[in-house]
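Data first, discussion second: the structure below is written as structure tokens.
The values are calculated or read from the model by the stated rules, or taken from the named source; none is laboratory data. The shown structure was predicted, so the numbers you read here are calculated from the model rather than taken from an experiment. Positions of Cβ are generated from backbone atoms using ideal geometry, with glycine treated the same way; all protein chains shown enter the neighbour counts. The accessibility values were calculated without ligands, DNA or RNA, using every heavy atom of the protein model including side chains. Shrake-Rupley method; radii C 1.70, N 1.55, O 1.52, S 1.80 Å.
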Amino acid sequence: MGKGLLVIDIQNDYFPGGAFPLWNSEGILENIEQAIKKAKAKDMPVILVQHVADADGKAPFFNKGSEGVKLHPKVLSLAPGHIVVKEFADGFFKTSLEKTLSALGVDELLVCGMMTQNCVTHTAISKSAEKYKVTVLGDCCTTVNEILHLIALNGLSTRVDICSFDAI
């Protein structure tokens, strides 16, 4: 058993020109790229999670078939192997994530992604995540602004470890 890097929702809609650009998304992308490279250098599996809105097409972003729903090409090029698609904030809820982690022998999760207060938090403290040792890479997460990001990390800190991608 070992560590796995879980990269949540690094999708085009969250970047400049997308439907819902986030605070410091380009800087966070650079950190995530470094985290993926470090993980791969240690033969650590990298699992990408992609949010696809439900099929009614009424969501404000991440609509199926749109350019914005696609995983960012830099992340996809670094870690194309394991992609889990979700419709809800919790990356475990009604997805193949647990099955994927089990097949990869993962018992410790390093979690990063977008948005800190929503999908990152809901996945990190999911009921299904309780069987894993969970660490959130705080410098590899972002949301709509810095203060909300910091509040979310503070809230998470009572349930999971928070560290930098340098710890990989």
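Contact map, the stretch 148-163: residues that are closer than 14 Å to Met114 by Cα paired with residues that are in a helix (DSSP H, G or I) and among the aliphatic types (A, V, I, L, M), Cβ distance under 8 Å, separation 6+ or inter-chain. Pairs shown: Ala152/Val120. Residues that are in contact (Cβ under 8 Å) with a residue 60 or more places away in the chain and closer than 21 Å to Lys86 by Cβ were ranked within the stretch 21-42; the one that is nearest to the chain's Cα centre (by Cα) is Ile32. In the set (1) out of contact with any Gly (no Cβ under 8 Å at 6 or more places or on another chain); (2) charged (D, E, K, R); (3) open to solvent by less than 30 Å² (accessible area, probe 1.4 Å); (4) in contact (Cβ under 8 Å) with a residue 40 or more places away in the chain, the condition left unmet by Asp9 is number (1). When Phe92 is tested against (1) open to solvent by less than 40 Å² (accessible area, probe 1.4 Å); (2) part of a helix (DSSP H, G or I); (3) of a type in the set (A, V, I, L, M, F, W, C); (4) out of contact with any strand residue (DSSP E or B) (no Cβ under 8 Å at 6 or more places or on another chain), only condition (2) is not met. How many residues are touching an Asp or Glu at 6+ places or on another chain (Cβ under 7 Å) and surrounded by 17 or more Cβ atoms within 10 Å (Cβ to Cβ) if we restrict to the stretch 141-168? Residues in the stretch 141-168 being touching an Asp or Glu at 6+ places or on another chain (Cβ under 7 Å) and surrounded by 17 or more Cβ atoms within 10 Å (Cβ to Cβ): 1 in total.
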